[in-house]
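Step one of this worksheet: look at the structure below.
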């Protein structure tokens with residue numbers, strides 16, 4: 001089984017991915033805080049290069065789901081410098097697969113458009129968006145320089161699947177449900193290579209609005225939605 005270091009294992013994303021990933025990979029869970037399900041956690045601060053390097057010893061891949069939003073100092077240290085540490089460690093240890101994640105950086109600029117897949121980023125001046133945009137550039141640069149196959153998933157929201165009919169409501173834009181993100185992570189961990197060693201992919205489970213799509217993920221990763229989730233929001237007639 002492929003050995004995977006999961007950074008940010010106690011955060012808002014990673015615990016929801018384990019049910020779909022753990023049967024297929026051998027995980028080393030790492031974070032600075034206890035796991036919400038009381039799992040054994042390796043204490044790793046992503047802002048400390050030596051800690052990341054020690055945690056990554058013997059790993060085949062690194063998944064980086066660490067994030068900080070509200071603190072202006074920590075957000076740069078975690079989001080930007082943390083990404084730098086992950087990529088430097090991968091280069092030093094010869095790890096050839098990294099999964100990165102972050103917010104989409106285009107919605108407010110492209111909401112009037114349709115069929116948007118792979119368009120130029122528009123991060124604006126928001127501090128969180130800028131720190132994550134810098135992390136994308138760091139990942140891309142190291143991926144190209146060292147041949148690290150790096151996949152970056154971008155989204156506007158994450159959450160549970162609808163589970164029941166939501167008549168009269170609208171599905172959220174640019175949001176992915178856990179089952180689809182689990183599927184995407186498996187594809188990214190297993191794919192041999194991606195073009196230019198680095199690719200960013202829209203991750204969303206609701207395409208019915210016709211604005212944003214996952215066509216690039218379909219084309220390169222072989223991704224498909226695990227269900228047609230917008231069917232849960234159909235209007236009664």
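The values are calculated or read from the model by the stated rules, or taken from the named source; none is laboratory data. Just so you know, these numbers come straight off a predicted model, no measurement behind them. No Cβ is skipped: glycine too gets one built from the backbone with ideal geometry, and neighbour counts run over all protein chains shown.
Numerical summary
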{"read-out": "Test for residue 122: is it surrounded by fewer than 14 Cβ atoms within 10 Å (Cβ to Cβ), farther than 17 Å from residue 101 by Cβ and more than 12 Å from the chain's Cα centre (by Cα)", "value": "no"}
{"read-out": "1 or more residues closer than 14 Å to residue 117 by Cα and out of contact with any strand residue (DSSP E or B) (no Cβ under 8 Å at 6 or more places or on another chain): qualifying helices (runs of 4 or more DSSP H) within the range 127-237", "value": "215-221"}
{"read-out": "Among (1) modelled with pLDDT of 95 or more; (2) under 30 Å from residue 92 (Cβ atoms), the one test that residue 180 misses", "value": "(2)"}
{"read-out": "The lone exception for residue 157 - which of (1) in contact with a helix residue (DSSP H, G or I) (Cβ under 8 Å, 6 or more places away or on another chain); (2) at pLDDT below 95 it fails", "value": "(1)"}
{"read-out": "Among residues of the range 193-213, those that are buried (at least 23 other Cβ atoms within 10 Å of the Cβ), over 12 Å from the mean Cα position of the chain (by Cα) and touching a residue at least 60 places away in the same chain (Cβ under 8 Å), counted", "value": "1"}
{"read-out": "Pairs, first free of Cβ contacts under 8 Å to residues at least 12 places away in the same chain in the range 158-182, second part of a strand (DSSP E or B), C-beta under 6 Å, six or more apart", "value": "none"}
